[in-house]
1. Among the listed residues 41, 63, identify the single one that is of a type in the set (Val, Ile, Thr) and surrounded by 14 or more Cβ atoms within 10 Å (Cβ to Cβ).
2. List every residue pair whose Cβ atoms sit under 7 Å apart, with the two residues 6 or more apart in sequence or on different chains, where the first one lies in segment 104-121 and is among the small types (Gly, Ala, Ser) and at pLDDT below 85 and the second, anywhere, is part of a loop (DSSP other than H, G, I, E, B) and exposed (fewer than 13 other Cβ atoms within 10 Å of the Cβ).
3. Could you please give the count of residues in segment 165-190 that are aliphatic (A, V, I, L, M) and modelled with pLDDT of 85 or more?
4. Please go through segment 139-190 and pick out each residue that is among the charged types (D, E, K, R) and outside any helix (DSSP H, G or I).
5. So which of 163, 87, 146, 102 ends up being surrounded by fewer than 19 Cβ atoms within 10 Å (Cβ to Cβ) and touching a helix residue (DSSP H, G or I) at 6+ places or on another chain (Cβ under 9 Å)?
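The values are calculated or read from the model by the stated rules, or taken from the named source; none is laboratory data. Worth saying up front: this structure is predicted, and the values here are computed from it rather than measured. Every residue, glycine among them, receives a Cβ derived from its backbone with ideal geometry; neighbour counts consider all protein chains shown.
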Amino acid sequence: MNADRTYRPIPFTLEGTPAGPLLAIDLRPDCALRANSRCLIAMDPSLEITHAHDNTTPTSDIIIQSNKGSGQVYFVSKKQGTIIHVVTADDPLTVRQDALLVWTNHLKRSISPKNLPSMFDILGGGDVWLACSGQVITKEIASDLVVNAKHVLAYTGRLQARVLTLKGHENVIMYQFTGEGTIWLQTRGD
């Protein structure tokens with residue numbers, strides 16, 4: 001946070017590689033990141049890495065921070081697609097569990113109480129980087145929308161979602177969204 005209590009997003013760059021995007025984050029001394037350790041490639045020696053410990057943490061979560069100054073840290077997605085950056089605010093951000101790549105450590109993560117499989121709620125204001133399969137489609141919703149669950153990457157907390165199953169098609173799960181907000185879709189479902 002700045003002195004005026006506004007959140008200042010973390011500087012980063014995305015570089016395209018034949019294997020997928022490379023995310024380079026310029027970590028400030030006043031900030032810590034939480035990340036999936038399987039996606040960490042390299043980091044400046046001025047940065048420190050520790051294992052994350054809490055009741056919602058998968059064993060692969062790590063915390064990266066600096067006590068000695070700024071430094072860069074590099075991540076790559078394990079998916080063939082792209083990486084998107086979302087700055088969260090007061091509304092919760094609901095994300096696919098397997099899409100969560102890196103986020104500012106002060107954000108709170110909890111299993112989504114909305115009965116949606118493999119989804120997390122991210123609470124608080126900060127930076128979140130998501131890995132997706134294929135390209136990303138961002139839609140602003142002002143009414144209802146029905147989406148194949150495999151293609152849902154994330155959505156804002158102002159949207160309400162419920163699970164639909166198609167009659168005669170047990171393997172096709174759809175989400176029906178109502179309300180106003182933003183939804184991010186991936187073009188290739190996992």
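1. That would be 63, the only listed residue that is of a type in the set (Val, Ile, Thr) and surrounded by 14 or more Cβ atoms within 10 Å (Cβ to Cβ).
2. Final answer for the pair search is 110/56.
3. 3
4. 139, 140, 144, 158, 162, 167, 170, 180, 188, 190
5. Within the list 163, 87, 146, 102, the selection yields 163.
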